[in-house]
2 protein chains.
Amino acid sequence: MSRPQAATERRLIEIIRRAARRAPGVRVGIGDDCAVLEPAAGSLLLATTDLLIEDVHFRRRWATPTDIGWKSLAVNVSDIAAMGGRPRWGLIALACPEAVSLEEAEAFYAGVQALATEHDVAIVGGDTCGSPRGWVINVTLLGEAVRAPILRSTARAGDVIAVTGSLGRSAAGLALLEANPAPAGVAGDARAEVTAAHLRPRPRTREGQWLSEAGGVTAMIDVSDGLATDLGHLCEESRLGARVELARIPVDASVRDVARALGRDTIHWATGGGEDYELLLTCSPEAFDRLASGLARATGARLTSIGEMMPAADGIRYLDACGEAVPVGPGFEHFVTGRARA
Amino acid sequence: MSRPQAATERRLIEIIRRAARRAPGVRVGIGDDCAVLEPAAGSLLLATTDLLIEDVHFRRRWATPTDIGWKSLAVNVSDIAAMGGRPRWGLIALACPEAVSLEEAEAFYAGVQALATEHDVAIVGGDTCGSPRGWVINVTLLGEAVRAPILRSTARAGDVIAVTGSLGRSAAGLALLEANPAPAGVAGDARAEVTAAHLRPRPRTREGQWLSEAGGVTAMIDVSDGLATDLGHLCEESRLGARVELARIPVDASVRDVARALGRDTIHWATGGGEDYELLLTCSPEAFDRLASGLARATGARLTSIGEMMPAADGIRYLDACGEAVPVGPGFEHFVTGRARA
């Protein structure tokens, strides 16, 4: 290990260590063999982990180190949000090539820290090492469930299927970032909105906790791999089918603008594009109005009913405006053939 | 995602899921957004994470997928052992190139599971994805501290420095695995012993828990980066110096045999070589005999006194048989320039 590298390392650890120092529930943060944490008495512990790899999950050409740091933690925060939990403690492992500067590594941790601060997460441990090829990041996030976590496996036939916010923004952002040359005819604010949705997603922590406390949500998952894939997971775990009306899927004007400029299809992005990190949930038809108006009041987020859960024998169907079943593609595809989440 | 890859994925998830199903304290294992865990009432939670990268931490030329799986979890179990804790729940992220077969991926998980079973760890979550270049593994392990965890920062001047087992075996094994051509004159059992020490290390879980319960250990760390580096961490965190007598460092006959055959120095391996995953601890001089004999009775492991903790002003010195200070090199070096642990 060369001197500048060692100095870099020491300074990075100091930066991370300082950030963790006075967080609640942290008896020992960075600087020992393990972090020592004090879970709240009687609470359940939530744990999730995600590996992010350069040229699989992001490209350095359009994602800054700060974007990468932000998103690495955001995808895990979204998993905790999808159970109605409270994110608490993060462990961040980073491997990057020798050519990466101290400034770039600091910018990565600044991105992690910015997202962590917004969601009350303390970074309590990690690992750093050299990488012979490309950036590799792993984030593990621990959280707590105040009441029973909302699972994927507990939806009931007849339940409404609903989604927070809107879908397809992240896929539209990715398409713009990957487009070469950049398309004409996309307004600056539409471009800014969809690329931010892709690079700096905003996990629905407050919404997840509010929905959990409100009662009446029967199952929930975050839309990380795309509606088709994630609704598929929810149906599989609940042993049910589903019927979704494509016309009811909320899609923003910015996404329509980008689709028009690129000659692409918003429905493909809204059903097959991943990484929106919205919450997809089920509830009884009677509970929907109360949840939608309450969520809007409490958090400002829209909740849209897009279909209903069906018996397993009905399968999962996406219907067009005429009520005809339309084939819908798979979810988010990595740049290289990806394996799905375990 | 191609069909065979998807089938592979599904089968892998099923294998992992089955293993986790009936583990204690696991309310929800694999198959939801997060694992849902029930920590024992009143216990402290321990958390540690490690990233392992092909050609940084291991080479496919001499490490089988099962070796890689075993060791990935073992290094984290050792961190929990070093605090006297009980390892409980693991999250395993694996990225490997498309060319990796289902058999190789299964062999990896079999290695993880073999080590997990020995140490009562349940695999409760994970992530898998494609890797454009080489294998990447991240393991996060959660554990519980029955009583106060033993830290690095609480050694006292005058304490004995002691180590379990012996040092240098893993470095000797690595030297043999990397030697080309293989050296003549190493007996088969010596070769088997040191290569197993490198490829399938046996973390000191029982020893760590016994030492924690016995009382009297003032500080503890596992020897992952080499004695020189890890004693350096312990001294830094405790704001103390140390004096180590090289002649007292326990080195096995097998390590001497390999050193002779390769024309290398056992002391360099014992002080600078890493990955022995022995426990390095401090205790009062009065407590040492009780701990050493009790540990041997309870677990069969030897505890050897190798020096004493000194005031910070004395620095960290390694003394030869004549009492002269000898310069001692840094710890474990990765194949590419590595950053140290955060």
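Listing for the model above:
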read-out	value
Subset of the range A:75-109 (residues that are within 14 Å of the chain's Cα centre (by Cα), in a helix (DSSP H, G or I), buried (at least 24 other Cβ atoms within 10 Å of the Cβ) and not hydroxyl-bearing (S, T, Y))	A:N76, A:V77, A:D79, A:I80, A:A81
Matching residues in the range B:292-327 - criterion: being among the hydrophobic types (A, V, I, L, M, F, W, C) and buried (at least 22 other Cβ atoms within 10 Å of the Cβ)	B:L295, B:L303, B:I306, B:M309
Lone qualifier among B:R152, B:R147, B:R59, B:R156 - being under 30 Å from B:L281 (Cα atoms) and under 21 Å from the mean Cα position of the chain (by Cα)	B:R152
Answer residue from the range A:163-197, given it is touching a helix residue (DSSP H, G or I) at 6+ places or on another chain (Cβ under 6 Å) and in a loop (DSSP other than H, G, I, E, B) and is farthest from A:D252 (Cα to Cα) among those	A:P183
Answer residue from the range A:114-162, given it is among the basic types (K, R) and in contact with a helix residue (DSSP H, G or I) (Cβ under 7 Å, 6 or more places away or on another chain) and is modelled with the lowest pLDDT among those	A:R147
The range B:274-302 residues that are outside the structural domain of B:V77 (by TED's automatic domain parsing), paired with ones that are of a type in the set (F, W, Y) and at pLDDT below 95 (beta carbon under 7 Å, 6 or more apart)	B:G274/B:F332; B:E275/B:F332
Candidate set from the range A:303-327 (those that are touching a residue at least 24 places away in the same chain (Cβ under 8 Å) and charged (D, E, K, R)); member that is farthest from A:T154 (Cα to Cα)	A:D320
Hits in the range A:110-142 (condition: buried (at least 24 other Cβ atoms within 10 Å of the Cβ), assigned to a loop (DSSP other than H, G, I, E, B) and at the interface with chain B (Cβ under 7 Å from one of its Cβ atoms))	A:S131
Count of the range A:21-50 residues which are at pLDDT 90 or above, touching a Ser or Thr at 6+ places or on another chain (Cβ under 8 Å) and either part of a strand (DSSP E or B) or surrounded by fewer than 24 Cβ atoms within 10 Å (Cβ to Cβ) (or both)	5
Residues that are out of contact with any Pro (no Cβ under 9 Å at 6 or more places or on another chain) and either buried (at least 20 other Cβ atoms within 10 Å of the Cβ) or outside the structural domain of B:G168 (by TED's automatic domain parsing) (or both), drawn from the range B:194-205	B:V194, B:T195, B:A197, B:H198, B:L199, B:P201, B:R204
Leading residue by the ranking (farthest from the other protein chains (Cβ to nearest Cβ)) among those in the range A:147-162 that are surrounded by 20 or more Cβ atoms within 10 Å (Cβ to Cβ) and in a loop (DSSP other than H, G, I, E, B)	A:D159
Members of the range A:313-342 found to be over 9 Å from A:E245 (Cα atoms), at pLDDT 55 or above and in contact with a helix residue (DSSP H, G or I) (Cβ under 8 Å, 6 or more places away or on another chain), listed by number	A:I316, A:V326, A:V328, A:G329, A:P330
Neighbours by Cβ (under 6 Å, 6+ apart or cross-chain): first from the range A:137-148, within 25 Å of A:V100 (Cα to Cα); second charged (D, E, K, R)	A:V139/A:D50
Which numbered condition B:R86 misses (of (1) within 21 Å of B:R27 (Cβ to Cβ); (2) at the interface with chain A (Cβ under 10 Å from one of its Cβ atoms))	(2)
Qualifying residue in the range B:234-245 (condition: in a loop (DSSP other than H, G, I, E, B), in contact with a strand residue (DSSP E or B) (Cβ under 7 Å, 6 or more places away or on another chain) and surrounded by fewer than 22 Cβ atoms within 10 Å (Cβ to Cβ))	no
Residue in the range A:265-291 that is farthest from the chain's Cα centre (by Cα), counting only those that are surrounded by fewer than 16 Cβ atoms within 10 Å (Cβ to Cβ) and not in a helix (DSSP H, G or I)	A:S284
Filter result (within 7 Å of chain B (Cβ to nearest Cβ), hydrophobic (A, V, I, L, M, F, W, C) and in a loop (DSSP other than H, G, I, E, B)) within the range A:51-64	A:V56
Check on B:D222, among the acidic types (D, E), within 30 Å of B:A184 (Cβ to Cβ) and surrounded by 15 or more Cβ atoms within 10 Å (Cβ to Cβ)	no
Residue within the range B:11-20 that is at pLDDT below 85, part of a loop (DSSP other than H, G, I, E, B), under 12 Å from B:G90 (Cα atoms) and of a type outside the set (F, W, Y) present	no
Selection status of A:A40, more than 8 Å from every other protein chain (Cβ to nearest Cβ), touching a residue at least 40 places away in the same chain (Cβ under 8 Å) and under 30 Å from B:P132 (Cα atoms)	no
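The values are calculated or read from the model by the stated rules, or taken from the named source; none is laboratory data. Remember, it's a predicted structure, so these values are computed and weren't measured experimentally. Neighbour counts run over all protein chains shown; Cβ positions are idealised from the backbone, glycine included.
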